[in-house]
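Below: one structure, written as structure tokens.
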Amino acid sequence: MPDSSQDTGQDVNPHLAARIDGELTRLLFRSAGFGLLSNFALSALFAWGIWDYFDHTLLLIWAGAFTLVTAGRVGIQIAHKRAAPTVERLPDWRKYFITGSTLSAMCWGAAGWTFMNSDDLIPRVLGVLGIAGLNAGAARSLGSVRIAYILYVIFSLGPTVGRFITYDEAGSTTLIICSVLYALFLINTAKDHHGDLQRLYNLIFKNEDLVVTLQESTEKADSANRPKSDFLAVMSHEIRTPMNGVIGMLDVLSSSDLTAEQTDQVRVASQSADSLLRLLNDILDLSKIESGKLKFEETPFATRRLISQIVDLLPPHRQSKEH
């Protein structure tokens, strides 16, 4: 399996590298559909274009071999789609695909070696345009798996360059050098494309893993926080029960015969009890906030009365410190 960390320039764990390579293999199959169709159409046009220049039996043999290879590649595509292989099985499917694309390249290499052995212009031009164009297009469709494209260039362009070497014409050396430079350029382009895809899928899968980790952390935090919220809710209910008793007794006491000073003291105690009851309700609201069930209310209040109640609470506290 290719080393994804080497292409991305980052440390990639084996599991992530396998996912990246698997997705690149799937991309290889997804990109092959139109390529197979155009490849077959181009072979038919090529055979038709040079039909009058070569022996028909030879052309039919080449066209038949190319058709069989294309049929095999189509079969691999269909089988892959039906199988929907897992990441563990994708390396085998990548080998099947590379075998098919390499056989196709060999067919074009055979065409370059055989049909460009002509003094006529049309077979040479059609051969150069066809093979050069196919290699340019394959730089993208096969670029997701570098070895697939490198083999395609070697077996399709290699025999063609070999045929150029046999030419005993002025400028043949220049043609050979240009062909080699063209091949190197295409391989480098495919390498850059492959590296961009590696980095793209590396970021995609890392972001997916990060989202999953955050979700799990959030669920753990919610689970850890839920007992505290439940405890606050239960305690606020439990404490309110005796508080209601205290408030009730203070109401009864305020209705009895008391001196003015005692009445004032009972009033302060009642206000304090009411404040404590509101505090318990606020604690209950805290548990509602954490559960997302809090509803805001708008209630009027008297500012002067609130300040007066606070001032009434302070004298007993001050007097206790003085004593």
Result of the Cβ filter at 8 Å on segment 48-59, keeping first residues that are over 16 Å from ASP120 (Cα atoms) and partners that are in a loop (DSSP other than H, G, I, E, B), at least 6 apart or interchain, is LEU59/ILE50; LEU59/TRP51
Of everything in segment 87-114 that's among the hydroxyl-bearing types (Ser, Thr, Tyr) and free of Cβ contacts under 8 Å to residues at least 24 places away in the same chain, which residue is farthest from THR160 (Cα to Cα)?
TYR96
Residues that are at pLDDT below 95 and of a type in the set (Lys, Arg): which helices (runs of 4 or more DSSP H) entirely in segment 1-99 hold 1 or more of them?
14-30, 56-83
From the list PHE40, PHE54, PHE34, PHE66, exactly one residue is surrounded by 17 or more Cβ atoms within 10 Å (Cβ to Cβ), among the aromatic types (Phe, Trp, Tyr), under 37 Å from the mean Cα position of the chain (by Cα) and farther than 30 Å from ASN207 by Cα. Which is it?
PHE40
Looking only at segment 137-174, count how many residues are closer than 30 Å to ILE20 by Cα and not in a loop (DSSP other than H, G, I, E, B).
17
Quick one: would you say TYR182 is farther than 23 Å from THR99 by Cα, under 15 Å from the mean Cα position of the chain (by Cα) and hydroxyl-bearing (Ser, Thr, Tyr)?
no
Using the structure shown, decide if PHE231 is among the aromatic types (Phe, Trp, Tyr), on the phi < 0 side of the Ramachandran plot and modelled with pLDDT of 75 or more.
no
Listed residues GLY127, GLY109; which is assigned to a helix (DSSP H, G or I) and in contact with a Pro (Cβ under 7 Å, 6 or more places away or on another chain)?
GLY109
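Condition check ((1) buried (at least 20 other Cβ atoms within 10 Å of the Cβ); (2) in contact (Cβ under 8 Å) with a residue 24 or more places away in the chain) across all residues:
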{"position": "MET116", "(1), (2)": "yes, yes"}
{"position": "LEU126", "(1), (2)": "yes, yes"}
{"position": "SER144", "(1), (2)": "yes, yes"}
{"position": "ALA148", "(1), (2)": "yes, yes"}
{"position": "THR166", "(1), (2)": "no, yes"}
{"position": "ILE176", "(1), (2)": "no, no"}
{"position": "TYR182", "(1), (2)": "no, yes"}
{"position": "ASN207", "(1), (2)": "no, no"}
{"position": "VAL211", "(1), (2)": "no, no"}
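The values are calculated or read from the model by the stated rules, or taken from the named source; none is laboratory data. Bear in mind the structure is a predicted one, so any value in this text is a computation, not a measurement. Methodologically, a virtual Cβ is constructed for each residue, glycine included, from the backbone with ideal geometry; neighbour enumeration extends over all protein chains shown.
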